[in-house]
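This report refers to the structure that appears directly beneath it.
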Amino acid sequence: MLHSKVGLIGFSGSGKSAVISKAALRGYKVVDTDLIISETEGSFPDSMLLDGKEKEFRKLEAVAVRTALSTDVDFIAFGGGVHSANPVFKEIVNSGVKLVFLKGSFDVVFQRAWDRPLFKKLGLAGYRKLFEEREPFYLKASEYIVDVDKKTLEDVFEEVEKIWNLTFR
């Protein structure tokens, strides 16, 4: 049987990678699918998407997701668009990973992500549109929701850790 996992989903800037880093510092086994892609390809997901290589990126993302699902870890950070035109999401759902939506208001995620390549490409209106398109998916897909607004990283991590402990201990 595979190790029990919590998967973090949410929009760019919601804190998925930061929570994973905090979990690693606390001794949890973690993996970030965007980092898997970066390490194997030498290119960051944002760069690939901005270069018009979304089809290639989604194939790499599927491999990264499968790698993460088959790895003995406690927490997985999935890319913000893992569901977008990618059938691998069904594998995530069928894997038993407990999905936690790190939910932030647009203003909060914008403050954290305004300097990222995807924001620079889409602009404020495009970024807001993408945020609004994805939020219903995150709400529907997640078993748990952690609101990140007006909370420190420590507060958010503690809520996610509590979910892990209640679910798997």
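Points to keep in mind about this one:
- Helices (runs of 4 or more DSSP H) wholly inside the stretch 1-87 containing at least 2 residues that are among the charged types (D, E, K, R): 16-25, 33-41, 54-69
- The number of residues in the stretch 60-78 being surrounded by fewer than 24 Cβ atoms within 10 Å (Cβ to Cβ) and more than 14 Å from Val97 (Cα to Cα) comes to 3.
- Among the residues of the stretch 1-11, at least one is modelled with pLDDT under 85, touching a Ser or Thr at 6+ places or on another chain (Cβ under 8 Å), among the hydrophobic types (A, V, I, L, M, F, W, C) and over 27 Å from Pro136 (Cβ atoms).
- Subset of the stretch 94-148 [under 15 Å from Gly79 (Cβ atoms) and among the basic types (Lys, Arg)]: Arg116, Arg134
- Within the stretch 81-90, considering residues that are of a type outside the set (A, V, I, L, M) and surrounded by fewer than 18 Cβ atoms within 10 Å (Cβ to Cβ), the one farthest from Leu49 (Cα to Cα): Lys90
- Residue match in the stretch 92-110 (condition: under 21 Å from Ser47 (Cβ atoms) and out of contact with any strand residue (DSSP E or B) (no Cβ under 6 Å at 6 or more places or on another chain)): yes
- Number of the exception - Val93 against (1) farther than 24 Å from Phe157 by Cβ; (2) crowded, with 21+ Cβ neighbours inside 10 Å; (3) among the β-branched types (Val, Ile, Thr): (2)
The values are calculated or read from the model by the stated rules, or taken from the named source; none is laboratory data. Everything numeric in this text was worked out from a predicted model, so none of it was measured. Don't worry about glycine lacking a Cβ; one is built from the backbone with ideal geometry, like all the others, and counts go over all protein chains shown.
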